[in-house]
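The structure appears right after this line, and notes come after that.
Where a number appears in this text, it was derived from the coordinates with a stated rule and is not lab data. As the structure is a prediction and not an experimental result, all values here were calculated from the model. For neighbour counting, all protein chains shown are included, and Cβ atoms are generated from backbone atoms with ideal geometry for every residue, glycine included.
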Amino acid sequence: MERYAGKSILKGTAIGKVLFYSKEEQVVLRKSVEDVQAELERFEKAKNEAVVQLNALYEKALKEVGEVNAAIFEVHAMMVEDGDFNDSIKNMIESQAVNAEYAVAATGDNFAKMFAEMDDDYFRARSADIKDIAERIVRILHGGHSSGDLGDEPVILAAKDLAPSETVQMDKSKLLGFVTELGSSNSHTAILARTMNIPALIGISVSEDMNGKMAIIDGVSGELILDPDEDVLKQYQQRQEDEKKSRELLQQLKGKPAVTLDGKEIKLFANIGSVGDMAKVLANDAGGIGLFRSEFLYLEKDDYPTEEEQFQAYKTVAETMAGKKVVIRTLDIGADKQVDYFNMDKEDNPAMGYRAIRICLDRPEIFRTQLRAIIRASAYGNIAVMYPMIISVDEVLQIKKIVASIKADFDEKGIPYGDFEQGVMIETPAAVMISDLLAKEVDFFSLGTNDLTQYTLAIDRQNAKLDNIYDAHHPAILRMIQMVIDNGHKENCWVGICGELGADLTMTEKFLKMGIDELSVSPAAVLPVKKIIRETDLKSE
Ligand code: PEP
Ligand code: MG
């Protein structure tokens with residue numbers, strides 16, 4: 001049994017086998033082997049596993065993205081079985097007595113080169129596919145996996161680091177938990193883990209040796225326990241049972257209003273990143289969606305999502321919430337959320353760089369497409385739209401002008417839309433300091449305390465080294481929150497918190513006493529926060 005100390009980003013216990021995920025370039029060494037027959041068998045086994053993985057990916061893609069997009073996995077599965085490809089690999093193992101990894105990688109390179117030099121566009125395009133399947137087989141031979149295909153059994157994923165785009169592509173039903181070496185508790189990958197309600201640890205030094213071993217994630221102490229002995233395993237199984245029971249107790253709050261003892265109704269909403277998160281929102285009885293991080297629609301794809309695709313996603317969420325408020329935040333990419341097809345320059349300081357509303361106002365064709373989709377969806381529910389990273393009144397005026405022109409266009413064409421509120425995220429110190437002016441222009445404020453803390457304390461939220469001094473309870477932040485609530489209320493704006501601080505149960509009573517109107521938290525945090533709201537008396541000191 002081994003214990004590794006890390007930092008927890010979601011309290012909870014996970015027990016299961018580790019799957020080591022390596023995305024680093026695979027180094028393939030040429031090694032001589034004595035038992036050629038055994039090496040041929042290793043190759044056969046890995047090849048069959050590749051076919052199984054590809055077929056599973058095909059089925060998953062078929063359900064999620066349709067036949068046309070799924071077809072690539074079918075093609076890959078056929079290529080793995082291709083006679084010439086197989087003959088070349090086997091021949092190399094036999095004639096040169098080399099390891100299977102080397103034979104696969106070398107054959108992959110040769111075939112890729114051959115395809116790349118063909119005249120026909122179709123065959124040239126197959127060059128990348130051949131490389132891809134060779135890498136898949138080598139990865140299997142190395143005992144590693146790629147993030148998307150987690151295999152059949154649910155696992156604890158161990159990785160050096162996970163980007164938000166990788167996390168979002170995972171099959172969540174196969175993920176018991178994850179541990180990473182890098183990352184910070186306020187990164188978007190950590191936020192995704194909370195949304196998915198998946199126990200996760202950061203700061204654990206992971207290695208390939210962990211692959212296949214039994215492990216426990218202790219989300220309270222922040223430890224990973226590898227190869228637990230019988231007693232320890234039993235103890236944690238018991239803890240999992242207890243956690244289940246307390247979750248069941250919270251279930252009794254479902255259907256009850258989020259109202260304080262003295263009668264103030266609080267908007268208790270949930271944060272989501274995709275339509276797929278809606279099941280958790282309903283299961284936890286959220287009173288609305290306070291933050292739909294729409295950028296995940298862009299991160300999931302290889303190209304800009306169309307107006308129609310976005311409209312369908314927003315409409316589905318609005319209809320599912322059946323009249324409850326759905327706050328859609330417009331695109332907030334940049335910083336740790338990079339999207340290749342945006343072709344953005346590499347920046348030294350991306351958190352303070354070209355991101356969010358700055359990109360949208362600079363590339364209005366992208367912004368208009370999204371706003372049109374949101375405004376069209378407003379005909380199907382209670383939608384509100386929210387703008388991220390605001391630093392000036394002028395930005396809000398520019399946005400309102402674009403919104404007005406889209407409405408005028410819809411009026412002319414008879415395209416229906418509903419009434420929708422417009423609000424801004426207060427996540428820069430500048431927005432806090434001019435919140436009296438911003439309040440005159442919008443219907444609501446939502447405090448993005450993740451970024452607000454980063455910019456106010458000058459602490460990069462991605463920097464794992466500074467995680468212990470990233471203090472969202474800092475008096476500067478609490479004073480800012482009070483200022484925003486007061487300035488908002490003077491102009492009849494409702495004020496909420498959608499950053500991770502909103503789910504901090506030690507702060508709930510304080511926020512309510514400060515006058516907060518809304519708390520938007522990960523779906524799993526809705527019922528625990530509701531419990532505290534219902535136990536709070538705003539009239540008591
Ligand atoms: C925030 O900054 O607090 C926020 C909610 O936005 P994000 O975490 O997506 O940057
Ligand atoms: Mg933010």
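The table below lists the values:
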| read-out | value |
| --- | --- |
| Three-way shape label, the stretch 259-535, alpha-carbon gyration tensor, a/c 1.5 | rounded |
| Anchor K440: aspartates and glutamates whose Cα lies under 17 Å away (excluding residues fewer than 8 positions away in-chain) | D394, E395, E421, D486, E491 |
| Computed over the chain: relative contact order in percent, which uses C-alpha pairs under 8 Å that are six or more apart | 15 |
| Nonlocal amide H pairs with K325, under 5 Å, H built at 1.01 Å | I289 |
| Compactness of the stretch 4-46, expressed as Rg and Dmax over alpha-carbon positions, Å | 18.3, 50 |
| Straight-distance crosslink candidates among aspartates and glutamates, where the alpha carbon sits under 19 Å from K213 and sequence neighbours closer than 8 are dropped | E2, D149, D152, E153, E181, E223, D227, D229, E230, D231 |
| Label zone at T306, where the point sits 7 Å out along the Cα-to-Cβ direction: the stretch 368-403 residues whose backbone N lies under 20 Å | 368-378 |
| Spin-label proximity, S221 to the stretch 157-201 - amide N less than 15 Å from point 7 Å beyond Cα toward beta carbon | none |
| Dipole magnitude (debye, nearest 20) for the chain, charges at Cβ of Lys, Arg, Asp, Glu | 2060 |
| For q = 0.09, 0.13 Å⁻¹, Debye-computed log10 I/I(0) when each Cα of the chain counts as one equal scatterer | -0.74, -1.34 |
| Helix 230-251 axis, angle to the chain major axis (alpha carbon atoms, nearest 10°) | 40 |
| Highest to lowest packing among 435-448, 331-344, 392-405, scored as the average C-beta count within 10 Å | 435-448, 331-344, 392-405 |
| Structure-based [θ]222 nm, the chain - -39500 (n - 2.57) summed over DSSP H runs of at least 4, per residue, nearest 500 | -14500 deg cm²/dmol |
| Label-to-label distance, nm, for residues given as K17 and H489 (7 Å Cα→Cβ offset) | 5.7 |
| Of A379, A46, Q240, farthest towards positive along the dipole that unit charges on Lys, Arg, Asp, Glu beta carbons give the chain | A379 |
| Inter-site label distance for A116 and V36 at 7 Å from Cα along Cβ, in nm | 3.0 |
| Relative contact order (%) - the stretch 259-535, alpha-carbon pairs under 8 angstrom, separation at least six | 21 |
| DSSP-defined antiparallel bridges as percent of all bridges, the chain, nearest 5 | 30 |
| Relative contact order of the stretch 467-541, defined on C-alpha pairs under 8 angstrom at six or more residues apart (%) | 27 |
| Reachable lysines, given that their alpha-carbon falls under 18 Å from the alpha-carbon of K256 and they are not under 8 places away in the same chain | K264, K267, K280, K324, K325, K530, K531 |
| Assigned charges on the beta-carbon of Lys, Arg, Asp, Glu; the stretch 433-541 dipole about Cα centre (debye) | 180 |
| Equivalent ellipsoid semi-axes, the stretch 437-541, via Cα gyration tensor eigenvalues times 5, rooted, Å | 22, 19, 13 |
| Nearest-ten-degree value, helix 526-535 long axis tilted from longest Cα axis of the chain | 30 |
